[in-house]
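*Asks:* Could you have a look at this structure, given as structure tokens, before my questions?
Values in this text are rule-based calculations from the coordinates and carry no lab data. Model, not experiment: these values are computed from the prediction. Quick reminder, even Gly has a Cβ in these numbers, built from the backbone with ideal geometry, and neighbours come from all protein chains shown.
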């Protein structure tokens, strides 16, 4: 059973998510917090597999900053941002921070459980409207990859292993996997072959 934490300042929303998630056989909410500081203090104790994070948290740390902190401490945690904002800048900032998915707060119960299933399988769930926004933005920006993602992609073209890429960049294998996951998401592909093909076609590598 996958362990889930919820970081959301609205207590009614927290209880609603908890009731919904705990009805499943696959997931269990082990804790919820109303701000990022409390969540970080208990991160090692909780050891969650998935975190649902509100983007607009009280205090000095919003959901995007919290995502960065969580991923720097325990990179394996899958994070789904839940927000009232349908804003491309918020979406991309969340993904760059390490979020695996982005849902709006009007998501229905089925969409929330499907999102948990997606991240548990290594996917990147988004509402249809958000996914379309991402695709349209990529059309306007021919190369959506960051400098680090381009380094990883060039290394894959050269045939380097994840371990070799990590040594070259002085990062962990988990960090390499994180970059590759973002590359797949941004290029809308599911394999290294397809990612390399698109990159070569567009002369990015």
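*Asks:* Can you give the angle from 0 to 90° between the axis of helix 192-201 and the longest principal axis of the chain, with both taken from C-alpha atoms, to the nearest 10?
*Replies:* Helix 192-201 sits at roughly 60 degrees to that axis.
*Asks:* What relative contact order, as a whole-number percentage, does region 2-138 give when Cα pairs under 8 Å and 6 or more residues apart are counted?
*Replies:* With pairs under 8 Å counted, the relative contact order is 19 percent.
*Asks:* By how many degrees, 0 to 90 and rounded to 10, does the Cα axis of helix 63-73 deviate from the longest principal axis of the chain?
*Replies:* Value to nearest ten degrees: 70.
*Asks:* Among 179, 34, 15, 76, which comes first, then next, by fewest other beta-carbon atoms within 10 Å?
*Replies:* 76, 15, 34, 179
*Asks:* Please give the helix 88-97 orientation as an angle from the longest Cα principal axis of the chain, in degrees from 0 to 90, rounded to the nearest 10.
*Replies:* With rounding to tens, the tilt is 80 degrees.
*Asks:* If we sort 158-164, 51-57 on the protection proxy, mean other Cβ atoms within 10 Å, highest first, what's the order?
*Replies:* In decreasing order of mean packing, 158-164, 51-57 become 51-57, 158-164.
*Asks:* Just check region 2-138 against the gyration tensor rule for me: Cα atoms, a ≥ b ≥ c as the square roots of the eigenvalues, rounded for a/c under 1.5, and otherwise prolate or oblate depending on whether a/b exceeds b/c.
*Replies:* Note, shape of region 2-138 comes out rounded.
*Asks:* When the helices in the chain are scored as -39500 (n - 2.57) per DSSP H run of 4 or longer and the sum is shared across all residues, what 222 nm value do you end up with, to the nearest 500 deg cm²/dmol?
*Replies:* -16000 deg cm²/dmol
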